[in-house]
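Colleague: Starting off with a structure, shown below.
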Amino acid sequence: MRYLRLSHAVLAVFLWCAASFAFTGTCFVAYDEAAAELHRSRVREELSELRRTFQTELDKGESLARLKNAAAVLSGYKTADSDVSAVSVFDFPTGKTLFGTRSSRVGGSVPVEWYEKCRVTDDIFVHGEKDGKVAGTPIVNSFGEKSGCAVVEYKTDSYETGREAMMAAAFRSASSFSAVGVLFFGLLALLFFFKRQPRFSFLNRPLYRRSAFGILLLFVLLATPAAVTSVFSSFEAVLKGAIANKAGVVAEIVRARVSKAAESGLPFKSLQSVEPYLDGIRRQHPEISFILLTDKSGRVLYESGSAVQAFESDATTGKVSLRDGFYNAAEPVVAGGKTEGWVQIGVRERFVREKIF
Amino acid sequence: MKRFSSFLLSFFVFFGAGASLRAQEEDLSLPLKKVYMVFWNGCEEACRGFQDYLKAVRLPVEVSVRDAGKDKEKLREFVEEIRKTPPDLLVTWGTLTALEMLGPERESLSDRYVRSVPAVFMVVSQPVESGLVSGLVTQGRNMTGALHLVPAAEQLQLARQFIPFKRLGIIYNPEETNAAVTVEQIKSYAPLMSFETVDRRIPLKNGKPDPSAIAELVDELAEQKVDLIYLGTDAFMNANRRLLAEAAFARGIPVFSASESAVRSGDALFAFVHRYYNVGQLAGQKAAKILWEGLSAYDIPIEPPQRPLFVVNMETAAKLNVYPPFSLLSGADVVGIPERSGE
C-alpha cells in the first residue's frame with residue numbers, strides 16, 4: 001500500500017476491465033450457445049416427431065403419396081411453433097412436394113440443394129436460405145429406403161434478435177463492471193492522493209486509512225455479486241422467449257402422443273410405462289426440470305423430475321403458484337373431445353447459470 | 001386480345017410439353033422391361049405395392065398380371081406361356097404359386113418349371129422349409145424373395161416388451177410341417193431368451209385334428225401357468241382360433257398371434273406383422289435391382305421388411321385388462337378401439 005503509484009492503479013483498472021469483459025464474454029458465449037441449442041433441439045424434436053409419424057403410416061402399408069391426413073399433421077407443427085414458416089414433405093423418387101402448409105409449393109419440384117442434402121443424410125440436414133433456414137430429415141420406408149423427406153422452413157429472426165439483445169446486454173454489463181472497477185481504484189487513488197495533503201493528514205492514521213479501504217472493499221464485494229446477478233438476469237430475460245417456444249413445442253409433442261394413446265382406448269389414469277418415455281425426453285432436453293401428467297383437477301398422475309421446488313403455496317390463501325425463475329408450459333390431453341388432463345412442462349430459466357457454476 | 005391469348009396458350013403448351021417430354025425422356029433412358037406376375041387369388045395389396053414401387057421410381061416396365069383364381073391347372077398354363085414368350089422377370093405370390101411355377105430346389109432342373117427367367121417370390125412363409133431355396137442369404141437358384149412373416153425370434157423379443165412372459169404356451173397341429181418347424185424354432189430360442197415353452201399337440205380324431213380338444217389343451221397350459229399363448233401360422237389353429245381365444249381369455253391368458261387377421265377379429269391381443277403392401281414394395285425394389293441394376297437374383301438376400309408393425313386390439317386389451325406399454329402404442333396400428341362412454 002505504501003508504494004502504490006498511479007501506474008499501479010491504472011494497471012489494476014485495466015486488469016479489472018479486461019476481467020469484466022472476459023467474464024461477460026464467457027457468459028455471453030454460454031447463453032448464446034444455450035439459445036442456439038434451444039433453437040436447434042426444438043427443430044430437431046419437430047423433425048424427429050414428423051419422421052416418426054410418417055414412418056408409422058408407411059409401416060401401416062400406406063403409400064406416402066396417398067396419405068390422407070398429412071396436410072393436417074403438418075399444419076399442426078406450423079401452429080405449434082411461431083418460428084416455423086412452412087412444413088412440407090417431398091417425394092424422394094421425383095423430388096416433388098407431396099403436401100405442405102404452403103399450397104403453392106405442392107406439386108412443384110423442391111430446390112436441388114434440399115434434395116441433395118436429404119439424399120446424403122440419414123439424420124437431419126440444415127440448409128441456409130436468404131430469409132431463414134431449412135431443416136429436413138428423410139422418411140424411410142419399412143425396408144430402409146428413402147421414400148420422402150420432411151422439411152421445416154423456419155425464420156431465424158427471433159434467434160438473431162435475441163442474440164443482438166444479448167450482445168447489447170453483455171456490453172452493458174461489461175461496461176458497468178468496468179465502471180465499478182474504475183470507481184474503486186479511482187477512489188483508492190484519491191485516498192492515497194489526499195493522505196499526502198496536510199489538510200487530510202488524519203488519513204495517515206492507520207484506523208482511518210484501514211476504515212476507508214475497508215469501506216471501499218466492502219462496496220466492491222457487495223457490488224460484484226449484484227452486477228453478476230444483473231448480467232445473468234439480463235441474459236435470462238432474452239432467453240425467456242426461446243425457452244417458452246421450446247417448452248411449448250415439447251409439450252405439444254407429448255400432448256399429441258398421450259392424447260393419441262387415450263384416444264386409442266388406453267385409460268389415461270393407468271398408462272403403462274409412460275414415465276420412462278417422459279424421462280427419455282428430459283434426458284434429451286436437460287433444461288427441462290420436470291414433466292407432469294395431471295388429471296383435470298391438477299392431481300399429478302405421472303411425474304418425471306421433481307416439480308416441488310418449482311411451486312410455492314400462499315400461506316393465507318393456499319393458492320399454488322409458480323416460483324420465480326421457472327417457466328411452465330401446459331397443454332390439455334384431449335380424448336373423444338373431452339379434456340382428460342394436462343401435460344405440464346417446467347423449465348428452470350436459470351439452467352445456463354447453473355451450468356456455468 | 002385473341003392473338004395474345006393464343007400466344008399464351010402456345011407458350012404454355014410449348015413449355016408444358018417440354019416438361020412432360022423431359023419426364024418421359026428420363027423414363028425412356030432405361031430399357032423397357034417385361035414383368036410377369038402370377039397371383040393365386042387376384043391382385044391384392046402386395047401386388048399393388050409392387051406396381052406402386054416401380055411406378056414411383058419411374059422405371060419403364062410392362063407388367064402382365066395373371067390370376068390363377070385358386071386353380072392349380074392355370075399355373076401350368078402360365079408356365080407354358082412363359083416358356084413361349086419369356087419375360088424379363090417372373091414374380092409370384094404365395095408358397096403354392098412359387099412351388100408350382102418355380103418348383104422345389106431339388107427339382108430345379110426339371111422342365112416342368114420356369115428355369116430360364118429370374119424370379120422374385122413374395123408372401124412365402126417358409127421358403128427354406130418348403131424346399132423352395134436352400135437358404136435365405138446364400139442360395140444357388142436364380143431367384144430372390146420378399147417375406148411377409150416377422151422372424152420368430154424378433155416376434156418373441158418384441159412380445160416381451162409388452163408381456164414379459166416367463167412361460168409361453170403353444171398349441172399346434174403337428175400334421176402341418178410349418179407349425180412343427182415354428183415350434184422347434186421357438187423352443188431353440190427359449191433358453192437364450194430365458195423363458196420356458198409349454199407346447200401341446202392337437203390330437204387326431206378319425207385321422208383329423210380334433211378342434212374340440214383345444215379348450216382342454218388351454219386348460220393344461222393354464223395349469224402350467226403360462227403367461228402368454230402363441231398362435232402360429234398353421235391353418236388348423238387359425239381356422240379354429242375363436243375356440244382358442246375363448247378358452248384362453250376365460251382363463252385370463254392373452255393370445256399373441258403371428259398374423260394380423262386374428263388380432264383384427266379379436267381372437268388375439270396383439271401381433272407384430274409386415275403389411276402386404278410393404279412386402280410388395282420390397283419385392284419391387286428387388287425386381288428393380290435385377291432388371292435395371294444388373295444384379296443376379298441369387299445375390300440378393302431373401303428377407304422381410306425391416307420394421308415390423310405392432311397391431312393391438314384394444315377391446316381385447318380392455319377385456320383382459322392388459323394394456324400395451326406407451327412406448328409400443330405410439331407406433332402401433334390400434335384396432336377394436338372401444339367406444340368412449342360419456343361421463
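The values are calculated or read from the model by the stated rules, or taken from the named source; none is laboratory data. Here the structure is a predicted model, which is why all the values come from computation and not from measurement. In this analysis, Cβ positions are derived from the backbone assuming ideal geometry, glycine residues included, and neighbour counts consider all displayed protein chains.
Colleague: Any chance segment B:304-321 includes a residue that's within 14 Å of chain A (Cβ to nearest Cβ), touching an Asp or Glu at 6+ places or on another chain (Cβ under 6 Å) and small (Gly, Ala, Ser)?
Modeller: No: segment B:304-321 contains no residue that is within 14 Å of chain A (Cβ to nearest Cβ), touching an Asp or Glu at 6+ places or on another chain (Cβ under 6 Å) and small (Gly, Ala, Ser).
Colleague: Give A:Ser201, A:Ser211, A:Ser233, A:Ser178 a once-over and let me know the one that is touching a Cys at 6+ places or on another chain (Cβ under 6 Å), over 30 Å from A:Thr294 (Cα atoms) and modelled with pLDDT under 90.
Modeller: A:Ser178
Colleague: Sticking with this structure for a sec: For segment A:39-55, name all the residues that are surrounded by 18 or more Cβ atoms within 10 Å (Cβ to Cβ) and within 14 Å of chain B (Cβ to nearest Cβ).
Modeller: Scanning segment A:39-55 gives A:Glu49, A:Leu50, A:Arg51, A:Thr53, A:Phe54, A:Gln55.
Colleague: Within segment B:288-315, work out how many residues are within 24 Å of B:Gln139 (Cβ to Cβ) and among the β-branched types (Val, Ile, Thr).
Modeller: Of the residues in segment B:288-315, 3 are within 24 Å of B:Gln139 (Cβ to Cβ) and among the β-branched types (Val, Ile, Thr).
Colleague: Right, something else. With (1) surrounded by fewer than 18 Cβ atoms within 10 Å (Cβ to Cβ); (2) in contact with a strand residue (DSSP E or B) (Cβ under 8 Å, 6 or more places away or on another chain); (3) away from chain A (no Cβ under 13 Å) as the list, and B:Leu291 as the residue in question, which single condition is left unmet?
Modeller: Result: B:Leu291 passes all but (1).
Colleague: So, one more: Just for segment B:298-307: of the residues that are crowded, with 22+ Cβ neighbours inside 10 Å and either out of contact with any Gly (no Cβ under 8 Å at 6 or more places or on another chain) or modelled with pLDDT under 95 (or both), which one is nearest to A:Gln55 (Cα to Cα)?
Modeller: My answer is B:Pro305.
Colleague: Within segment B:308-327, can you find the residues that are outside any loop (DSSP other than H, G, I, E, B) and surrounded by 19 or more Cβ atoms within 10 Å (Cβ to Cβ)?
Modeller: Result: B:Leu309, B:Phe310, B:Val311, B:Val312, B:Asn313, B:Met314, B:Thr316, B:Ala317, B:Phe326.
Colleague: Another question, if that's okay. Suppose the filter is under 26 Å from A:Leu278 (Cα atoms), away from chain B (no Cβ under 13 Å), outside any helix (DSSP H, G or I) and touching a residue at least 40 places away in the same chain (Cβ under 8 Å); does A:Ser88 pass it?
Modeller: Here the answer is no, as A:Ser88 does not meet what is asked.
Colleague: With respect to A:Glu145, is the statement that it is among the acidic types (Asp, Glu) and over 30 Å from A:Phe232 (Cβ atoms) true?
Modeller: yes
Colleague: What are the residues in segment A:260-297 that are in contact (Cβ under 8 Å) with a residue 40 or more places away in the chain, out of contact with any Gly (no Cβ under 9 Å at 6 or more places or on another chain) and assigned to a loop (DSSP other than H, G, I, E, B), if any?
Modeller: Answer for segment A:260-297, where residues must be in contact (Cβ under 8 Å) with a residue 40 or more places away in the chain, out of contact with any Gly (no Cβ under 9 Å at 6 or more places or on another chain) and assigned to a loop (DSSP other than H, G, I, E, B): A:His285, A:Pro286, A:Glu287.
Colleague: Looking at segment A:322-357 only, could you name the residues that are among the polar types (S, T, N, Q) and under 22 Å from the mean Cα position of the chain (by Cα)?
Modeller: Selection gives A:Asn328, A:Gln344.
Colleague: Okay, moving on. Which ones in segment B:51-68 are in a helix (DSSP H, G or I) and crowded, with 17+ Cβ neighbours inside 10 Å?
Modeller: Result: B:Gln51, B:Asp52, B:Tyr53, B:Leu54, B:Ala56.
Colleague: Looking at (1) of a type in the set (A, V, I, L, M); (2) within 14 Å of chain B (Cβ to nearest Cβ); (3) in a helix (DSSP H, G or I); (4) more than 20 Å from the chain's Cα centre (by Cα), which is the only condition A:Val254 fails?
Modeller: Unmet condition: (4).
Colleague: Modelled with pLDDT of 95 or more, of a type in the set (Val, Ile, Thr), over 22 Å from the mean Cα position of the chain (by Cα) and under 15 Å from B:Arg241 (Cβ atoms): does that describe B:Ile163?
Modeller: Criteria not met by B:Ile163.
Colleague: Conditions first: (1) outside any loop (DSSP other than H, G, I, E, B); (2) within 14 Å of chain A (Cβ to nearest Cβ); (3) hydroxyl-bearing (Ser, Thr, Tyr). B:Tyr298 passes all but one, so which condition is the exception?
Modeller: Only one criterion is unmet by B:Tyr298, namely (2).
Colleague: So which of B:Gly331, B:Gly336, B:Gly284 ends up being under 27 Å from B:Leu90 (Cβ atoms) and within 12 Å of chain A (Cβ to nearest Cβ)?
Modeller: Testing whether each residue is under 27 Å from B:Leu90 (Cβ atoms) and within 12 Å of chain A (Cβ to nearest Cβ) leaves just B:Gly284.
Colleague: Could you tell me whether segment A:69-76 includes any residue that is at pLDDT 90 or above, of a type outside the set (Ser, Thr, Tyr) and more than 18 Å from A:Leu47 (Cα to Cα)?
Modeller: no
Colleague: Just checking, does segment A:291-314 include any residue being under 23 Å from A:Tyr159 (Cα atoms), in contact with a strand residue (DSSP E or B) (Cβ under 7 Å, 6 or more places away or on another chain), away from chain B (no Cβ under 14 Å) and surrounded by 17 or more Cβ atoms within 10 Å (Cβ to Cβ)?
Modeller: no
For (1) out of contact with any His (no Cβ under 6 Å at 6 or more places or on another chain); (2) surrounded by 17 or more Cβ atoms within 10 Å (Cβ to Cβ); (3) of a type in the set (A, V, I, L, M, F, W, C), each residue gets a yes or a no:
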| residue | (1), (2), (3) |
| --- | --- |
| A:Gly248 | yes, yes, no |
| A:Val254 | yes, yes, yes |
| A:Lys269 | yes, no, no |
| A:Pro276 | yes, no, no |
| A:Arg283 | yes, no, no |
| A:Thr316 | yes, no, no |
| A:Gly325 | yes, no, no |
| A:Glu331 | yes, yes, no |
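Colleague: Another question, then. Looking at B:Asp88, B:Asp71, can you tell me which residue is buried (at least 16 other Cβ atoms within 10 Å of the Cβ) and either assigned by TED's automatic domain parsing to the domain that holds B:Gln285 or within 27 Å of A:Pro93 (Cβ to Cβ) (or both)?
Modeller: B:Asp88
Colleague: Check B:Ala180, B:Ala190 and return the single one that is touching a Pro at 6+ places or on another chain (Cβ under 7 Å) and either in contact (Cβ under 8 Å) with a residue 12 or more places away in the chain or not polar (S, T, N, Q) (or both).
Modeller: So the residue among B:Ala180, B:Ala190 that is touching a Pro at 6+ places or on another chain (Cβ under 7 Å) and either in contact (Cβ under 8 Å) with a residue 12 or more places away in the chain or not polar (S, T, N, Q) (or both) is B:Ala180.
Colleague: Follow-up question, since we're still on this one. Considering each residue of segment A:137-166, count those that are in contact with a strand residue (DSSP E or B) (Cβ under 6 Å, 6 or more places away or on another chain) and in a loop (DSSP other than H, G, I, E, B), and give that number.
Modeller: The total comes to 3.
Colleague: Going by what's in this entry, would A:Leu64 be described as within 14 Å of chain B (Cβ to nearest Cβ), of a type in the set (A, V, I, L, M) and either out of contact with any Asp or Glu (no Cβ under 6 Å at 6 or more places or on another chain) or within 28 Å of A:Glu37 (Cα to Cα) (or both)?
Modeller: yes
Colleague: Scan segment B:91-112 for residues that are at pLDDT 95 or above and either loosely packed, with under 14 Cβ neighbours inside 10 Å or among the aromatic types (Phe, Trp, Tyr) (or both) and jot them down.
Modeller: Once the filter is applied, which keeps residues that are at pLDDT 95 or above and either loosely packed, with under 14 Cβ neighbours inside 10 Å or among the aromatic types (Phe, Trp, Tyr) (or both), segment B:91-112 yields only B:Trp93.
Colleague: Among (1) over 30 Å from B:Leu309 (Cα atoms); (2) of a type in the set (A, V, I, L, M, F, W, C); (3) surrounded by 21 or more Cβ atoms within 10 Å (Cβ to Cβ), where does A:Val112 come up short?
Modeller: Here A:Val112 clears every test but (3).
Colleague: Does segment A:58-69 hold any residues that are in a helix (DSSP H, G or I) and crowded, with 21+ Cβ neighbours inside 10 Å, and which are they?
Modeller: A:Leu58, A:Asp59, A:Leu64
Colleague: Can you pull out every residue in segment A:42-81 that is touching a helix residue (DSSP H, G or I) at 6+ places or on another chain (Cβ under 7 Å) and of a type in the set (S, T, N, Q)?
Modeller: A:Thr53, A:Ser63
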